[in-house]
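Everything below concerns the one structure shown next.
Values in this text are rule-based calculations from the coordinates and carry no lab data. What you are looking at is a predicted structure, and each value in this text was computed from that prediction instead of being measured. So basically every Cβ, Gly included, is an ideal-geometry build from the backbone, and we count neighbours across all protein chains shown.
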Amino acid sequence: MPTRIVAPSLLSADFAHLGAAVQMLNESQAEWIHLDVMDGVFVPNISFGFPIIKAVRALTQKVLDAHLMIEEPDRYLARFAEVGVQYLTVHYEVCPHLHRTLSEIRRLGMKAGVAINPHTPPEVLEYSLQEADLVLVMSVSPGFGGQHYIPHSTRKVHALANMIQSYGNSTLIEVDGGITPSNANMLWEAGANILVAGNAVFGADNPKQAIADILEA
Ligand code: DX5
Ligand code: ZN
């Protein structure tokens, strides 16, 4: 059975009750917690940074999966290791020296991820798979939760799964944006290993059930 993990995105949680949101995740089947860090430059929104991640770290044993939507991520890699992030993902579109950035993330003791925007073809990662523990396929334009899934993303997941298999790499595939219990099965089948869900979890009447529904889709 291939790896299947649900990573709820805290971006959609009620920030006035963040502790309760993390507690709910602790009791859920989610193995990872997805943390969307935005700088207001790479994406037209600003979210949260180190103090919040540190607070979350103190409340959970779950794997912390940080998705950096920031320019010049190299300036901050060590800080993410310090606050206890385990998977650190940077965007392909802002990394002119991707090999160096991914290698540095691993050197700092974290797993290295690379994200691609909806318009970026997966083939650009052909020579980076060896340095990447994870590839994140953005299935909405990054910046906001609650957007609609972009259908061509499924084809990208297929293409990446084939590419990873043909090179004999063990890189995980994560998909992020507009994921619901209704489209999750198609993505698991296409080769996704981690599905991020914000609105589908935190907007649900029963968030723990929504996590289970995505996992078992
Ligand atoms: C978007 C973020 C996503 C987002 C997902 O920029 O990277 O992680 O929070 O939220 P939903 O599942 O609501 O699209
Ligand atoms: Zn994200």
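Sort all Cα-Cα distances of region 127-199 into consecutive 10 angstrom bins from zero, then give the percent of pairs in each bin up to the one containing the longest distance.
It works out to 21, 53, 24, 3, in whole percents.
Chymotrypsin sites (Phe, Trp or Tyr not before Pro) within region 58-150: which are DSSP loop residues with at most 13 other Cβ atoms inside 10 Å?
Those that pass, being in a loop and sparsely packed, are 127.
Residue by residue, what Karplus-based ³J(HN,Hα) values in Hz, rounded to whole numbers, does region 85-93 have, using 6.51, -1.76 and 1.60 with θ = phi - 60° and x for Gly and Pro?
6, 9, 10, 10, 10, 10, 8, 3, 5
Any idea how far apart residue 205 and residue 86 come out in nm if each label point goes 7 Å out from Cα toward Cβ?
3.3
I'm a student and want to see the number: the projected area of the Cα convex hull of the chain, averaged over all directions, in nm².
About 10.7 nm², averaged over all directions.
Name the long-range amide H neighbours of residue 178: under 5 Å, sequence gap of 5 or more, or other chain; modelled H, no Pro or chain starts.
Excluding prolines and chain starts, which carry no amide H, the hits are 146, 147, 198.
Which residues make up the longest stretch of the chain clear of GluC sites (Glu not before Pro) that lie in a DSSP loop with no more than 13 other Cβ atoms within 10 Å, not counting the sites? Don't jump to the answer; show the numbers that get you there.
Details: sites that count: 27, 126, 216.
Counting only loop sites that pass the neighbour cut-off, the longest clear stretch is 28-125.
Direction-averaged shadow area of the convex hull around the Cα atoms of region 1-51, nm²?
4.8
Where Lys and Arg each count +1 and Asp and Glu each count -1, what net charge lies around residue 5 among other residues with Cβ under 15 Å from its Cβ?
Local net charge: -4.
Let's see if you can work this out: charge +1 on each Lys and Arg Cβ, -1 on each Asp and Glu Cβ, no other charges. What is the dipole magnitude of the chain about its Cα centre, in debye to the nearest 20?
300
Measuring from centroid to centroid over Cα atoms, what is the spacing of region 175-217 and region 105-172 in Å?
Centre-to-centre distance over Cα atoms comes out at 17 Å.
Hey, with R₀ at 30 Å, roughly what FRET efficiency would residue 72 and residue 14 work out to, going by the Cβ-Cβ distance, to 0.05?
0.45
Mind counting lysine pairs for me in region 5-215? Cα separation below 25 Å, and the two need to be 8 or more apart along the chain or on different chains.
So the count of such lysine pairs works out to 6.
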